[in-house]
Amino acid sequence: MKIRKTLLVWLAAPLALLALPALPAQSALRILACEPEWGALAQELGGSLVDVAVATSALQDPHQIQAKPSLIARARNADLVVCTGAELEIGWLPVLLQQSGNPRLQPGQPGNFAAADFVRKLDVPKQVDRSQGDVHPDGNPHIQTDPRNIAVIATALGARLALVDPAHAAQYQQRTAAFSQKWQANLQRWAVQARPLKGVAIAAHHKAYAYLEDWLGLSEVAVLEPKPGVEPSASHLEEVLNTLKARPAKMVIYSAYQDAKPDEWLSEHAHIPAVKLAFTVGGTDGAKDLTGLFDDTVTRLVGALK
Ligand SMILES: [Zn+2]
């Protein structure tokens, strides 16, 4: 009898250990964001409930990323991947997801969130002709340049976090509501600040700002790239300069990750400012978070009018 009692104590000990609650660090939802803006949004909506890694920096071209081993390792144990979609990451994300062997992140699964699925796309081509350069057949993917899109995507992402991590659904709902309220106040403030930009003609380095232009009422009169993703030659820049003689622009805008030389050349010859925009969180010193991204963008654009 005595022996059997000892045996029971030994058996019960490991079971007691198993009943202990998991440590918070182990239970954090692991998120892999393709671009900094979605990493920032996931962090705002998830707070300490999430552990966010971002695949690209603001100084990298998000069209052209390598699916390197460190990224594959991160994708292997992620619970949720948050990307732009609309084929922005067509050159690297499918390979990354396939090599990760992680069934949770595959397209169609709750663990695969594509922000572009939730907003109205601009520049959708009537027919796709790859000879026209790096054309995006699902429409312009650079949706993060309009903060009204961020509002819609925040609501969708908040719901997705609650779906993949139901134990914390109430907290995600609360954080998403707080973000939405803050964002509505931001939108009102930016609308007032950006009023002088309405109807202003601009030239753009890449077709990266269709949504920003739509939001602020900017008029894009020239694009420096002859085809999407193809850097302008000297002769093409001369053509752009001629276009601007007929249809003058107030400024030329480019993104932090791009080589500014064509913009500086045009600035010098057309006598207009070249304006660097963050494009995403981290692109400039002022773009420290999502609010800072738009504060900085509006400030730079309005500043260029003076
Ligand atoms: Zn593009």
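Values in this text are rule-based calculations from the coordinates and carry no lab data. Values in this document were obtained by computation on a predicted structure and should not be read as measured data. Cβ atoms come from the backbone with ideal geometry, glycine included; neighbour counts cover every protein chain shown.
The trypsin sites (Lys or Arg not before Pro) of region 172-275 that DSSP puts in a loop, and whose beta carbon has at most 15 other beta carbons within 10 Å, are LYS198. Looking at the square roots a ≥ b ≥ c of the eigenvalues of the Cα gyration tensor of region 174-255, which shape do they give, rounded for a/c under 1.5, prolate if a/b is larger than b/c, or oblate? Oblate is the answer for region 174-255, as a/c is 1.5 or above yet b/c matches or exceeds a/b. Temperature 20 °C, viscosity 1.002 mPa s: under these conditions the Stokes-Einstein estimate for region 145-213, based on its Kirkwood radius over C-alpha pairs, is 152 µm² per second. At q = 0.09, 0.16 Å⁻¹ the log10 of I(q)/I(0) for the chain amounts to -0.51, -1.33, computed by Debye summation with a single uniform scatterer per C-alpha, solvent ignored. Residues whose amide H comes within less than 5 Å of that of VAL50, counting only those at least five positions distant or on another chain, are LEU29 (H built at 1.01 Å from N in the peptide plane). GNM remark for the chain: springs join alpha carbons under 10 Å apart, and the peak mean-square fluctuation among ILE143, ILE153, ILE72 falls on ILE72. Spin-label model, VAL152 to ALA170: label points 7 Å out along the Cα-to-beta-carbon direction sit 3.2 nm apart. Taking ALA162, ALA78, ALA40 in turn, the Gaussian network model of the chain (Cα-Cα springs below 10 Å) assigns the largest fluctuation to ALA162.
Between 0 and 90 degrees, the angle of helix 169-193 with respect to the longest Cα principal axis of the chain falls at about 20 degrees. Just to confirm the number: angle between the C-alpha axis of helix 290-304 and the first principal axis of the chain, 0 to 90 degrees, nearest 10? Computed tilt is about 10 degrees.
Once you sort the root eigenvalues of the Cα gyration tensor of region 150-290 as a ≥ b ≥ c, which label holds: rounded (a/c under 1.5), prolate (a/b larger than b/c) or oblate (the other case)?
Working: a/c = 3.04, a/b = 2.22, b/c = 1.37.
Prolate shape, in that a/c is at least 1.5 and a/b is the bigger ratio.
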